[in-house]
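Report on the following structure.
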Amino acid sequence: MSSRRFALTPLRLVWLGLALLGAAVALWRGEWLWQDARATEIVAQIALAIWCLVETMVRRNRAALLTLPALGLGIGCALPLYLFIRSSRIV
């Protein structure tokens, strides 16, 4: 039953690949911890952080909190990571 929870569907593989790509690009360009971030990116990160916190309280999906440290690598890493985590089954 636990293997079903972590099943990697094609869409989940896309989310995971995009999260890894977003992290790699941020590290390659040296854009971690909000260096060279535009105001619109910071607003998007704040919106994602609030969404993750509210969703954690409502759905009790504690794994979604892993998105918060990923925000340091930018929205290109954090948003696909959140979608990857959210698309898993909640037990």
>> Just to check your reading of the model, which residue among Val25, Val54 is in contact with a helix residue (DSSP H, G or I) (Cβ under 9 Å, 6 or more places away or on another chain) and among the β-branched types (Val, Ile, Thr)?
In response: Val25
> When only residues in segment 22-58 that are among the acidic types (Asp, Glu) and within 13 Å of Ala78 (Cβ to Cβ) count, which is surrounded by the fewest Cβ atoms within 10 Å (Cβ to Cβ)?
Replying inline: Glu41
> Would you pick out the residues in segment 14-48 that are farther than 14 Å from Pro80 by Cα and among the aromatic types (Phe, Trp, Tyr)?
Replying inline: Trp28, Trp32, Trp34
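Just the residues that are in contact with a Lys or Arg (Cβ under 9 Å, 6 or more places away or on another chain) and touching a residue at least 40 places away in the same chain (Cβ under 8 Å), please, taken from segment 75-89. So that I can check it myself, show each step before the final result.
Just the residues of segment 75-89 that are in contact with a Lys or Arg (Cβ under 9 Å, 6 or more places away or on another chain), to begin with: 83-84, 86-89.
If the condition is that a residue be in contact with a Lys or Arg (Cβ under 9 Å, 6 or more places away or on another chain) and touching a residue at least 40 places away in the same chain (Cβ under 8 Å), then Leu83, Phe84, Ser87, Ser88, Arg89 are the ones that fit.
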>> Is it the case, given these coordinates, that Leu68 is at negative phi, touching a Cys at 6+ places or on another chain (Cβ under 8 Å) and not aromatic (Phe, Trp, Tyr)?
In response: yes
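Yes/no matrix, rows are residues, columns are (1) over 12 Å from the mean Cα position of the chain (by Cα); (2) of a type in the set (Lys, Arg); (3) modelled with pLDDT under 90:
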position	(1), (2), (3)
Ser3	yes, no, yes
Leu18	no, no, no
Val25	yes, no, no
Ala39	yes, no, yes
Ile46	yes, no, no
Ala78	no, no, no
> Between residues in segment 48-74 that are touching a residue at least 40 places away in the same chain (Cβ under 8 Å) and residues that are surrounded by fewer than 16 Cβ atoms within 10 Å (Cβ to Cβ) and not in a helix (DSSP H, G or I), which pairs lie under 7 Å by C-beta distance while being six or more apart or on different chains?
Replying inline: Gly72/Trp32; Gly72/Leu33; Leu73/Trp32
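The values are calculated or read from the model by the stated rules, or taken from the named source; none is laboratory data. In this text the structure is predicted, and so the values were computed from the model without any measurement. Here the Cβ is made from the backbone with ideal geometry for all residues, glycine too, and neighbour counts use every protein chain on show.
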